[in-house]
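Working notes, structure below.
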2 protein chains.
Amino acid sequence: MSTERSLAVQDYYPDDFAHCYGCGRLNPTGLQIKTRWDGGETVATFSPDPSHIAVPGFVYGGLIASLIDCHAMGTAAAASERAAGRAIGDGPAPRFVTASLRIDYLRPTPLGPTLELRGRAEVASARKVIVDVTVSAAGVVTARGQVVAVRMPQTMAAQR
Amino acid sequence: MSTERSLAVQDYYPDDFAHCYGCGRLNPTGLQIKTRWDGGETVATFSPDPSHIAVPGFVYGGLIASLIDCHAMGTAAAASERAAGRAIGDGPAPRFVTASLRIDYLRPTPLGPTLELRGRAEVASARKVIVDVTVSAAGVVTARGQVVAVRMPQTMAAQR
């Protein structure tokens, strides 16, 4: 495992942008999703809480959407840096936001197994990255997402 | 305001299906979204918690996805019942689950105003409903969703 494999991109968001409920290291009540490289893909894992259900025994769709969304933004940041010749940890990670999110729920996601998210990015430009994400439980893909990520607009940075 | 206007469809899900993190009345830590008729549309409101942010001052996309998802399922249930000649409260509400979810984040959603969700349903069959949802903050639409809802498969009911 290379050093970069072990670093999570969310740990390199600037402090002012590290409060996201889904992935901010400075949001103590949030989900704290961590996105890491694994070769040409990114990976994140998450263990849902027993309260995170749709019906008893199955994870609710909103959590899956949250995981896909934040892992996609992390993947966009990591891929954008890699495309510019930088690795995670070389400096502050760029903050992307979601322009659109499409999720196909292929089958019910069981509550119990740790979920694995895998991301693949296509860097369209310095400002736009398309990310495909799969969610798996016990080796079975249960949901698939396609996310369009764009660099955070100045209007959002200005209001913090 | 008619009686039906005041009834929330989630209050008529059978107890066994009322534990959803997004909209279950029996999930004390969840969001407890309530979907009501307002003429030909459905409406729900939600006040995000200060922790529900993407960056300071703005609501995170995963919460918006969760609200759209559960309001769409509630809308599908209400519209399915109305298409069958029944009103909310006439009996147990049918439980739909999400087949696919598409969200366009049109602009940042500010933290502060109560969010209003409005849904419109197209009942394709007894098992499938297409729902369009808008999310507004202080009268401005910030996100738009299209959701495909299907009746909950027996495989999910069987595992509870």
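Selection of first residues in the range B:26-45 that are basic (Lys, Arg) and of second residues that are assigned to a loop (DSSP other than H, G, I, E, B), restricted to Cβ pairs under 7 Å at least 6 apart or on distinct chains, gives the following pairs, ordered by first then second residue: B:Lys34/B:Ala8; B:Arg36/B:Leu7; B:Arg36/B:Ala8. Take the conditions (1) more than 14 Å from A:Arg144 (Cα to Cα); (2) buried (at least 24 other Cβ atoms within 10 Å of the Cβ); (3) of a type outside the set (D, E, K, R); (4) within 14 Å of the chain's Cα centre (by Cα); A:Tyr60 misses just one of them, which is (4). Taken over the range B:43-60, the criterion of being within 15 Å of B:Thr134 (Cβ to Cβ) and not polar (S, T, N, Q) is satisfied by B:Val43, B:Ala44, B:Phe46, B:Val59. When you scan the range A:36-55, do you find a residue that is under 15 Å from A:Gly119 (Cα atoms) and among the acidic types (Asp, Glu), even just one? Yes - at least one qualifying residue is present in the range A:36-55. For the range A:63-79, state whether one or more residues are of a type in the set (D, E, K, R) and open to solvent by less than 20 Å² (accessible area, probe 1.4 Å). Yes, the conditions are met somewhere in the range A:63-79. Applying the condition of being in a loop (DSSP other than H, G, I, E, B), more than 9 Å from every other protein chain (Cβ to nearest Cβ) and of a type in the set (Ser, Thr, Tyr) to the range B:29-65 and asking which residue is nearest to B:Thr109 (Cα to Cα) yields B:Ser47. Scanning the range A:26-39 for residues that are open to solvent by 60 Å² or more (accessible area, probe 1.4 Å) and not β-branched (Val, Ile, Thr) yields A:Leu26, A:Pro28, A:Gln32, A:Arg36. Exactly one residue among A:Ala124, A:Ala143, A:Ala137, A:Ala149 is closer than 11 Å to A:Phe96 by Cβ and either surrounded by 14 or more Cβ atoms within 10 Å (Cβ to Cβ) or of a type outside the set (S, T, N, Q) (or both), and that residue is A:Ala149.
Please state which of the following conditions A:Tyr12 fails to meet, knowing it meets all the rest: (1) in contact (Cβ under 8 Å) with a residue 40 or more places away in the chain; (2) hydroxyl-bearing (Ser, Thr, Tyr); (3) open to solvent by less than 40 Å² (accessible area, probe 1.4 Å). For A:Tyr12, the failing item is (3). In the set A:Val141, A:Val131, only one residue is among the hydrophobic types (A, V, I, L, M, F, W, C) and out of contact with any Gly (no Cβ under 6 Å at 6 or more places or on another chain); that residue is A:Val141. Among the conditions (1) facing another protein chain (nearest Cβ under 8 Å); (2) under 24 Å from B:Met152 (Cβ atoms); (3) modelled with pLDDT of 95 or more, the only one that B:Phe17 does not satisfy is (3).
Against the conditions (1) touching a residue at least 24 places away in the same chain (Cβ under 8 Å); (2) open to solvent by less than 10 Å² (accessible area, probe 1.4 Å), A:Ala18 satisfies every one except (1).
The number of residues in the range B:35-63 being in contact with a helix residue (DSSP H, G or I) (Cβ under 7 Å, 6 or more places away or on another chain), under 15 Å from B:Ala77 (Cα atoms) and among the hydrophobic types (A, V, I, L, M, F, W, C) comes to 2. Taking the conditions exactly as written (more than 13 Å from every other protein chain (Cβ to nearest Cβ) and either buried (at least 19 other Cβ atoms within 10 Å of the Cβ) or not in a strand (DSSP E or B) (or both)), does A:Arg107 satisfy them or not? The answer is no for A:Arg107. Taking the criterion of being of a type in the set (Ser, Thr, Tyr), at pLDDT 95 or above and either buried (at least 16 other Cβ atoms within 10 Å of the Cβ) or closer than 26 Å to A:Gly145 by Cα (or both), would at least one residue in the range B:93-102 satisfy it? Checked the range B:93-102: at least one residue is of a type in the set (Ser, Thr, Tyr), at pLDDT 95 or above and either buried (at least 16 other Cβ atoms within 10 Å of the Cβ) or closer than 26 Å to A:Gly145 by Cα (or both). Taking the range A:114-160, which residues are among the β-branched types (Val, Ile, Thr), part of a strand (DSSP E or B) and more than 14 Å from chain B (Cβ to nearest Cβ)? Answer for the range A:114-160, where residues must be among the β-branched types (Val, Ile, Thr), part of a strand (DSSP E or B) and more than 14 Å from chain B (Cβ to nearest Cβ): A:Val123, A:Val129, A:Ile130, A:Thr134, A:Val141.
The values are calculated or read from the model by the stated rules, or taken from the named source; none is laboratory data. Since we're looking at a predicted model, the values are computed, not measured. Glycine also receives a Cβ, built like all others from the backbone with ideal geometry; neighbour counts cover every protein chain displayed. Ligands, DNA and RNA are stripped out before the accessible areas are found, and what is left, the full protein with its side chains, is counted by its heavy atoms. Shrake-Rupley method; radii C 1.70, N 1.55, O 1.52, S 1.80 Å.
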